[in-house]
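The values are calculated or read from the model by the stated rules, or taken from the named source; none is laboratory data. Remember, it's a predicted structure, so these values are computed and weren't measured experimentally. Cβ coordinates were reconstructed from backbone atoms using ideal geometry, including for glycine residues, and neighbour counts include every protein chain displayed. Note: areas computed on protein heavy atoms with side chains; ligands, DNA, RNA excluded. Shrake-Rupley method; radii C 1.70, N 1.55, O 1.52, S 1.80 Å.
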Amino acid sequence: MDDIFVRELEIDHVDKTTILRFRQKLEGDVNCVVWDGAIVLAKFLEKQCLEDNGFLENRSVIELGSGVGCVGIVAACLGANVLLTDLPQALPLLRQNVEENKTKLKGYVEVEPLNWGSPCKINFTPDIILLAECIYYKEVIGSLVSTLRELATHDTKVILCQELRDSQTQKECWKEFLESVKEYFEVQFVPQSEQSSEYSCPEIQILRLTKK
Ligand SMILES: C[S@@+](CC[C@H](N)C(=O)[O-])C[C@H]1O[C@@H](n2cnc3c(N)ncnc32)[C@H](O)[C@@H]1O
């Protein structure tokens, strides 16, 4: 049985609208669907580009924990050159989504495996690091923060988006992440008023991080 279903997302540019299509799986791990935080971050990037056309134009971007690729593919649609990364098992569906949307992307896209905490074999310095919904299990927080430290320079903007869930485990996870990341990065919460009016809510936070 074909367990693929498609999520469409409209992205507005100054002069046109692009409809992107993301293949998702009915059954599978967390990397098989588009998470709400990815939509909120994608729409934040769209808004930034509508306000400043050059915001992503020709920028070097790396996305961590891309899942099906929504955030990074939107960034490429808006003009960035993007490296999408995730665990090896996520890459086949991620590559299908790059293929599905390739005629609609202004920037280049590549896909590579990257397990947080392992050395990052990339040959460029990212202007922007993007991540959505990646803070959800404690075991990996140290590795995720160490990958952010390895990839970011003082000029790199890290933009992350996370839904804050009610469970005790998720609350502790978020607290631990913030405590850890604040040791190495300045952390700024993006007010909801600066986000997409349609695609934002108080439970989903967008943060900007810059290396101390
Ligand atoms: C909740 S999903 C979010 C996916 C996507 N960013 C989105 O918002 O739609 C978390 C993602 O992090 C990836 N991930 C989890 N642990 C990882 C690790 N140790 N190294 C790299 N990626 C990891 C998962 O494979 C998954 O794609």
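Identify all residues within segment 110-125 that are at pLDDT below 95 and farther than 18 Å from Lys211 by Cα; write none if there are none.
Scanning segment 110-125 gives Pro119, Lys121, Ile122, Asn123.
Scan segment 23-38 for residues that are in a helix (DSSP H, G or I), touching a helix residue (DSSP H, G or I) at 6+ places or on another chain (Cβ under 8 Å) and surrounded by fewer than 22 Cβ atoms within 10 Å (Cβ to Cβ) and jot them down.
Matches in segment 23-38: Asn31, Cys32.
Sort out which residues of segment 183-212 are in contact with a Leu (Cβ under 9 Å, 6 or more places away or on another chain) and among the charged types (D, E, K, R), and write them in order of number.
Glu186, Glu203, Arg208, Lys211
For the subset of segment 126-164 comprising residues that are at pLDDT 95 or above and among the basic types (Lys, Arg), which member is nearest to the ligand (Cβ to nearest atom)?
Looking at the filtered set, the residue picked out is Arg149.
Can you tell which of Asn101, Asn123, Asn97, Asn53 is of a type outside the set (Gly, Ala, Ser), away from the ligand (no atom under 13 Å from the Cβ) and either under 14 Å from the mean Cα position of the chain (by Cα) or surrounded by 19 or more Cβ atoms within 10 Å (Cβ to Cβ) (or both)?
Exactly one of Asn101, Asn123, Asn97, Asn53 is of a type outside the set (Gly, Ala, Ser), away from the ligand (no atom under 13 Å from the Cβ) and either under 14 Å from the mean Cα position of the chain (by Cα) or surrounded by 19 or more Cβ atoms within 10 Å (Cβ to Cβ) (or both), namely Asn101.
Those residues that are of a type outside the set (Gly, Ala, Ser), open to solvent by less than 10 Å² (accessible area, probe 1.4 Å) and either at positive phi or within 12 Å of the ligand (Cβ to nearest atom) (or both), I need them from segment 76-89; list them, please.
Correct list: Leu84, Thr85.
In segment 61-75, is there at least one residue being open to solvent by 10 Å² or more (accessible area, probe 1.4 Å), within 9 Å of the ligand (Cβ to nearest atom), under 22 Å from Thr147 (Cβ atoms) and in contact with a Pro (Cβ under 8 Å, 6 or more places away or on another chain)?
The answer is no, given that none of the residues of segment 61-75 is open to solvent by 10 Å² or more (accessible area, probe 1.4 Å), within 9 Å of the ligand (Cβ to nearest atom), under 22 Å from Thr147 (Cβ atoms) and in contact with a Pro (Cβ under 8 Å, 6 or more places away or on another chain).
What tally of residues in segment 14-45 results from selecting those that are more than 22 Å from Glu99 (Cβ to Cβ), touching a residue at least 12 places away in the same chain (Cβ under 8 Å) and not hydrophobic (A, V, I, L, M, F, W, C)?
3
List every residue pair whose Cβ atoms lie under 6 Å apart, where the two residues are 6 or more positions apart in sequence or sit on different chains, the first residue falls within segment 123-147 and is over 18 Å from Cys32 (Cα atoms), and the second residue, located anywhere, is within 11 Å of the ligand (Cβ to nearest atom) and small (Gly, Ala, Ser).
Once the first residue is over 18 Å from Cys32 (Cα atoms) and sits in segment 123-147, its partners that are within 11 Å of the ligand (Cβ to nearest atom) and small (Gly, Ala, Ser) give Ser143/Gly117; Ser146/Gly117.
Near the ligand (Cβ under 10 Å from one of its atoms), closer than 25 Å to Ile4 by Cβ and modelled with pLDDT of 95 or more: is that true of Pro92 in this structure?
no
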